[in-house]
Amino acid sequence: MFKEYTRINNIIGDIIELEAQGVSYRELAAITNSNGDTSLAQVIKIEEDKVSLQVFAGAKGMSNRASVRFLGHPMQVPYSQDILGRIFSGSGEPIDGKPPIEGAQENEIGGPSVNPIKRIVPRNFIETRIPMIDIFNPLVESQKLPIFSTPGEPYNDLLARIALQAHADVVILGGIGLKFDEYIGFRRKFEEGGVMDRTVMFVHTAADPVVERLLVPDMALAVAEQFGIEGKRVLVLLTDMTAFADALKEISVAMEQVPSNLGYPGSLYSDLASRYEKAVDFEGAGSITILAVTTMPGGDVTHPVPDNTGYITEGQYYLNEGVINPFGSLSRLKQLVVGKVTRKDHGPVMNSMIRLYAKALESKKKISMGFEKTETDEKYLRYAELFESRFMDLKMDIPLNDALDLGWKTMAECFKQSEVGIKKDIIDAYWPK
Amino acid sequence: MIDSSSTIGHVVGINGNMIIVEIDEGSVVQNEVAFVTVDDMNLKSEVIKVVGKRCYLQVFEDTTGISVGMKVNFTGNMLAVEIGPGLLGGIYDGLQNPLGLLENKQGFFLQRGQYKDALSREKIWKFMPVAKVGDKLNAGEWLGEVEENFITHRILAPLGMHGRATVKEIVPEGDYKITDIIAKIEINGKIVPLTMFQEWPVKKAMKAYRERIYPEELLITKQRIVDSMFPVARGGTACIPGPFGAGKTVLQHLLSKYSSVDIVIVVACGERAGEVVELIHEFPEIKDPKTGGSLMDRTIIICNTSSMPVAAREASVYTGIALAEYYRQMGLDVLVLADSTSRWAQAMREMSGRLEEIPGEEAFPAYLESRIAGLYERAGLVTLHNGEKGAVTLIGTVSPAGGNFEEPVTQATLKVVGAFLGLSRKRSDERKFPAIDPLDSYSLYINQMEDSLNRDLDKDWTSMINRARDILKIGSEVGKMMTVVGEEGISLDDLILYLKSELLDFTYLQQNAFDDIDCAADVERQVSDFKLLFRALTSDFSFETKPDARTFFTALQDKFYQKNYYTTDSSEFSKLVGEIEESLASGGSHLV
C-alpha cells in the first residue's frame, strides 16, 4: 500500500514533482530527505503519472533522491478532550514539550460546508466591554469578523483582550506568521487570564516554513468544528490572515497560475471564504465565532486581501492610530441583537452618535482650514472631544448599558432634542432629565 | 440517478476542481453532464472543453480523493433544471438540489455526491385542464393549471418542441402526481405523452413567447430613492455595485421583501450562508399582503454560498434565471435578485485559469462581457402566444474589487443594464441608508417610462423629480464650496439651496430599513410625501441671517423626518403635516 518513491523530477519553490501511480488528489505524503529531515506534503495536481506536491516544511535543502511515501488519506488533525490547554505547530506537532495526544480521533481538515438550513440565525450578543464595539458594532455569537489594522497597531492585544472578556467555552488560537514574542504574549495573557485550560493553540511563527501557514486556519477550524458539534461555544482567533494569503500567493505563483491582482490567485476570495464560512451557529448544538486579524499592507483597504476579506466577513473593525475607527467599522449582524437583545434605545443611540460625530469632523476640518467658528460648530467640537475621550479611547472598559447612558448624557450636554435625529418616543423615554 | 449515454471515460489528470478525462468509447457533447465515480460516490461534473480524445470537466464538488484511472460516465444531457409545480418556497443549491431533503441523511454538513429530485414525486396536485383535444399548441402554451401557493401554475406544452403540436388526449380535472401522464400530443406525426414537469437546460434562454416588448411600467420596490429617483421597469434590468459593507445585501433583501411582483427568485451566489439563513427564517413569518400567504410562498431561494464548490456557483445564476423564465411563461411577473454577479464572474475566472486560457483584464476571461450581456438579456417583458404578458426583472449586485467601479465586471454590467444604483462608501460610513449615491446613479427607465409615470403617479411627476435632482446637484456643489470657502464665503441663497438638498436627502432619499413603517413606502405615500417635500424645496424663504436659516431648516427637517415613522391615517402624522404646512406658509419667518 505505502509504496515509496525515491526519484523527484522537479523542485520548484516548495513544490516537488515526481512520477507515481495510484495517488489521489489532496492525498498526504511523508517525505524523508537524504539527510534524515522529515516533512509532510500534500498532492495539489495530478497529470497522468506526474504528481505535484507542496512540501509543508519547504523544499529548501531537498534532495531529488528524498523518499516520498504516500499515506492514503488527506491531512488530518487529532481531536479529543485532552487537546485543551495544548499548543501545536503549524504542521500539527505538539510544541509545548508534552507528549502527543493519545487515542485521539483523527479528523480531515477543510471538510465540507455546513448545510445552510442547518444554521440558525445568530442571536446572542457578546459583550466585550469596549464601547466602540459594544455600542457601535456589537459582536454576535457565530459572527466572522476581522480586525483591519495598519501594521504596528496593537491588534494582538485587542484580540487577546476580547478573548479574555468574551466568556467563550473554548478558545482556539491560530497563529499565522506570528512573531515569537507575540506568541509568548498570547500564551502569558491566556495563562494569567485563566483561559489557557480551555484553549488550543496552533502556532506558526514567522521563522517556520511558509507552506505550514496554509494549514493553520484549517486545523484550528477543524478542531473548532468538533467542539461546536459537541455543543461548545467556540471562539477562534486567526492572526494574521494576510500572512495566510501571502502563502497562497507563493504557492500559486510556483504553480504558474495566472495571477488576478497583485500576484494573488483568482481563487483568493473562495480560499478565504471557505475558511471564514466555518463560523456557524449549529441548530441544537454549539457555535463557532471567528475573530481574525488582517493587516493592511501600506494601510490600504483596497489591497486584495482586506478587500476580499471585507466582502466575505460580517463586518470589520478598523484599527488605526490606536483606536477603533467609527467609520468603516461595521458589524453586519448588529441588527440581530441591537434593540432586540439589548436596550430599545441602542439602535437610535448608535446611529445618531456616529452621524453627529461625522458632522463634528466636518466642522473640525472647516475650522482647521481657518474658517469662522459658528455656534453650531462650537457644539460639534465639544461633542467630538467628549466622544473621543468617552468612547473611542481603547482603555474604556464598561458594560454596554453604562456606555449607552453615557451616550445620552454626552448628546444632552451638547445638543437639543430636535438636533439629534431620534424618534420622539425614544427621546421621551431616555433623554436625561 | 445516472441516466447514462453509452459514453465512458477515465480520469487522467486532476487540477483543483477541474479534471481531465480520456474517452474510452462513444461520443462527447460540449457542456454535457458526466459523473466521476469516487469510492461509492458519483460526483456531478460538466464538460467544458474537448481536445481530441480528451475532455476537460469542471466538477461541481470537492475533488479530494479522485485519482487517475477512475471511471467517468457521460449522460449526453446538458445541465438542466426540473420545472413544474412545487418549486415555490423551495430552497435549492446551485444545481437545484433541495437543501431540505439533504439534511436528514447528512447531519450538519453537505456531503458530496448526493443529488435529489428538485420536485416532489409524491405530492398530489389538483390538475384542471385548459386545452382541449384537437387544440393546436405552440411550445410553452398552456395545457392546464394547478394551484401552487396562491398562484395559478400553468402546465406548459413542452418548451423545447419545434413547430405546433395537436392535443390528442387530456385527462379530466382531478388529483395527479407530477409523474402522471396528463396529456398526449402529436408532434411531427409522433405521439408524445406529457407529465406536469419537464427539464430545461439552464444555459439556454427560454423563448417560447410571441415577442419581447418595450418595458414602460414601474416596478414598485417601496424604496423611495429607487422608485422615485432611479426607477426600475417591470421586465428591466438594474445593477447594484458597491464596496463591501455598503449595504448591497440589505438592499437586496428589502427588494425581495417589498417589491410588488408575483414571484421572487433570490440567487445567493458565492455570498455568506448567514444571509440566506436570515431569509429562510424570516420569510415564512412575513405575510404577503397580496396573497395572504407568507413571503416564502412566493419565493424560491437558490443558495450556493461562498464555501460551496465554485463550479456550482457558476451554474447557480443560470438555474435562477431559468426558473424565472419558466414562471414568466405563465404570464407572471418575476423578480430575480442575483447576489453577487461578481462571484459568478470569479467562478468563470477560476475555471478559465485552470483551462489555461489567455486572460483578459484582471485575469477575467475574454468572454466575460458576452456572458454578462447574455445573462441580463434573458430578463424582459414578453407577450405570450395567448396574448398574456409576463416579465422577468433582473437586479444583480456587483462587488467591485477595492470598491472601484472601473473594474471589468462593473463596466461590462453597466453596458447592458437599464438602471445603475451605485452604492457609496462615504454614504454608508455616514449611516445613510440606502447608500445609493444620488448623484452618480442613473436610470434610463425614467425617460422610457415618462408617459406611464406622469399618468399613474402625478401629471408633473418626472419634471418634479428632475427638479429635485437639480437641487441635489446644486446643493452638493454648494456643500463642496463651503469646505473651501466656509459658510461665510457663500451667499444666503446658496445656503438655503444647500439646506434644501440636505432636507431632501435626509428625509426622503434615506429610509430606515429597521423601522416597521419607514422600511417600505407604498407608491401613493411616496407621491403625497414627495409633493409636500417638493413644496418645501421650491418655496421662497426669506431669512435675516444664516443661523436663522439653519435653525428653521433643522426644525423643518425634524418634522419631515418624524413624519416618516407614522402611518398617514395617524393623528401624529396629521399634526406634523399641519406644522410643516404652517412653517412653509410663513416663508421662514415662523419657527414651529
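The values are calculated or read from the model by the stated rules, or taken from the named source; none is laboratory data. Here the structure is a predicted model, which means the values were calculated and not measured. Cβ atoms come from the backbone with ideal geometry, glycine included; neighbour counts cover every protein chain shown.
Tally the residues that are small (Gly, Ala, Ser) and buried (at least 16 other Cβ atoms within 10 Å of the Cβ), restricting the search to region B:495-546.
Total meeting the criteria: 5.
Give region A:30-54 a look and list any residue that's of a type in the set (Val, Ile, Thr) and in contact (Cβ under 8 Å) with a residue 60 or more places away in the chain, or say none.
Across region A:30-54, the qualifying residue is only A:ILE44.
Which members of region A:333-389 meet the condition of being facing chain B (nearest Cβ under 7 Å), surrounded by 20 or more Cβ atoms within 10 Å (Cβ to Cβ) and either modelled with pLDDT under 90 or in contact with an Asp or Glu (Cβ under 7 Å, 6 or more places away or on another chain) (or both)?
Residue satisfying the conditions is A:LYS366 alone.
Kindly indicate whether any position in region B:186-197 is of a type in the set (Gly, Ala, Ser) and modelled with pLDDT of 95 or more.
no
Going through region B:359-414 one residue at a time, which ones are in contact (Cβ under 8 Å) with a residue 24 or more places away in the chain, in a helix (DSSP H, G or I) and among the polar types (S, T, N, Q)?
B:THR410, B:THR413
In region A:203-251, what residues are polar (S, T, N, Q) and surrounded by fewer than 22 Cβ atoms within 10 Å (Cβ to Cβ)?
Selection gives A:THR205, A:GLN226.
Among the residues of region B:430-445, is any farther than 30 Å from B:TYR318 by Cα and either free of Cβ contacts under 8 Å to residues at least 12 places away in the same chain or in a helix (DSSP H, G or I) (or both)?
Looking for residues that are farther than 30 Å from B:TYR318 by Cα and either free of Cβ contacts under 8 Å to residues at least 12 places away in the same chain or in a helix (DSSP H, G or I) (or both), one finds at least one in region B:430-445, hence yes.
Being acidic (Asp, Glu) and surrounded by fewer than 21 Cβ atoms within 10 Å (Cβ to Cβ) is the filter here, so list the residues in region B:350-379 that pass it.
Of everything in region B:350-379, those that are acidic (Asp, Glu) and surrounded by fewer than 21 Cβ atoms within 10 Å (Cβ to Cβ) turn out to be B:GLU356, B:GLU357, B:GLU361, B:GLU362, B:GLU369, B:GLU377.
How many residues does region B:51-67 hold that are crowded, with 17+ Cβ neighbours inside 10 Å and without any contact (Cβ under 8 Å) to a residue 40 or more places away in the chain?
3
Of the residues in region B:216-256, how many are in contact with a Phe, Trp or Tyr (Cβ under 8 Å, 6 or more places away or on another chain), within 14 Å of another protein chain (Cβ to nearest Cβ) and not in a loop (DSSP other than H, G, I, E, B)?
2
What's the number of the condition B:LEU110 fails, among (1) surrounded by 19 or more Cβ atoms within 10 Å (Cβ to Cβ); (2) more than 21 Å from B:LYS177 (Cα to Cα); (3) at pLDDT 95 or above?
For B:LEU110, the exception is condition (3).
Could you go through region A:131-148 and let me know if any residue there is at pLDDT below 95 and β-branched (Val, Ile, Thr).
no
Conditions: (1) assigned to a helix (DSSP H, G or I); (2) more than 8 Å from chain B (Cβ to nearest Cβ); (3) surrounded by 14 or more Cβ atoms within 10 Å (Cβ to Cβ). A:MET396 meets all but one. Number of the miss?
(1)
Could you list, in sequence order, all residues of region B:493-514 that are within 14 Å of chain A (Cβ to nearest Cβ) and among the hydrophobic types (A, V, I, L, M, F, W, C)?
B:LEU495, B:LEU499, B:LEU503, B:PHE506, B:ALA513, B:PHE514 - these are the residues of region B:493-514 that are within 14 Å of chain A (Cβ to nearest Cβ) and among the hydrophobic types (A, V, I, L, M, F, W, C).
So which pairs qualify, if the first residue must be in region B:517-536 and in a helix (DSSP H, G or I), the second must be among the basic types (Lys, Arg), the Cβ gap must be under 6 Å, and the two must be at least 6 apart or on different chains?
B:GLN526/B:ARG224
Taking into account only those residues within region B:257-286 that are assigned to a loop (DSSP other than H, G, I, E, B) and more than 12 Å from chain A (Cβ to nearest Cβ), which is farthest from B:VAL398 (Cα to Cα)?
B:ILE286
Does region A:260-275 hold any residues that are in a loop (DSSP other than H, G, I, E, B) and either facing chain B (nearest Cβ under 8 Å) or hydrophobic (A, V, I, L, M, F, W, C) (or both), and which are they?
A:LEU262, A:GLY266, A:SER267
Keeping to region B:90-142, report how many residues are part of a strand (DSSP E or B) and among the basic types (Lys, Arg).
2
Please enumerate the residues belonging to region A:278-300 that are surrounded by fewer than 23 Cβ atoms within 10 Å (Cβ to Cβ), facing chain B (nearest Cβ under 10 Å) and either touching a helix residue (DSSP H, G or I) at 6+ places or on another chain (Cβ under 7 Å) or in a strand (DSSP E or B) (or both).
Answer for region A:278-300, where residues must be surrounded by fewer than 23 Cβ atoms within 10 Å (Cβ to Cβ), facing chain B (nearest Cβ under 10 Å) and either touching a helix residue (DSSP H, G or I) at 6+ places or on another chain (Cβ under 7 Å) or in a strand (DSSP E or B) (or both): A:PHE282, A:GLU283, A:ALA285.
May I ask you to list pairs of residues, at least six apart or on different chains, whose Cβ atoms are under 9 Å apart, with the first in region A:121-143 being at the interface with another protein chain (Cβ under 10 Å from one of its Cβ atoms) and the second being among the basic types (Lys, Arg) and part of a strand (DSSP E or B)?
Sorted first by the residue in region A:121-143, then by its partner, the pairs are A:SER142/A:ARG119; A:SER142/A:ARG233.
If you scan region B:9-28, which residues turn out to be surrounded by fewer than 17 Cβ atoms within 10 Å (Cβ to Cβ) and away from chain A (no Cβ under 14 Å)?
Result: B:ASP24, B:GLU25, B:GLY26, B:SER27.
Results for (1) farther than 23 Å from A:PHE148 by Cβ; (2) in contact (Cβ under 8 Å) with a residue 24 or more places away in the chain; (3) not aliphatic (A, V, I, L, M), shown as yes or no for each residue.
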site	(1), (2), (3)
A:ASP181	no, no, yes
A:ASP208	yes, yes, yes
A:VAL211	yes, yes, no
A:ALA245	no, yes, no
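Restricting to region B:162-199, and then to whatever is farther than 22 Å from B:LEU87 by Cβ and of a type in the set (Lys, Arg), can you tell me which residue is surrounded by the fewest Cβ atoms within 10 Å (Cβ to Cβ)?
Among them, the one singled out is B:LYS190.
Among what's in region A:1-47 and is over 15 Å from B:GLY65 (Cα atoms) and of a type in the set (D, E, K, R), pick the residue that is surrounded by the most Cβ atoms within 10 Å (Cβ to Cβ).
For region A:1-47, the residue satisfying everything is A:ASP14.
It is to be established whether one or more residues within region A:279-290 are more than 19 Å from A:ARG332 (Cα to Cα) and in contact with a strand residue (DSSP E or B) (Cβ under 6 Å, 6 or more places away or on another chain).
yes
Which of the strands (runs of 3 or more DSSP E) found entirely inside region B:39-81 contain at least 2 residues meeting this: more than 14 Å from chain A (Cβ to nearest Cβ) and in contact with a Ser or Thr (Cβ under 9 Å, 6 or more places away or on another chain)?
So the answer is B:71-78.
Select from region B:113-138 the residues that are out of contact with any strand residue (DSSP E or B) (no Cβ under 6 Å at 6 or more places or on another chain) and under 23 Å from B:ASP40 (Cβ atoms) and list them in ascending order.
B:GLN114, B:TYR115, B:ASP117
Considering only residues that are in contact with a helix residue (DSSP H, G or I) (Cβ under 9 Å, 6 or more places away or on another chain), small (Gly, Ala, Ser) and more than 21 Å from B:GLN111 (Cα to Cα), which ones fall in region A:81-115?
Selection gives A:GLY85, A:SER89, A:GLY90, A:SER91, A:GLY92, A:GLY103, A:ALA104.
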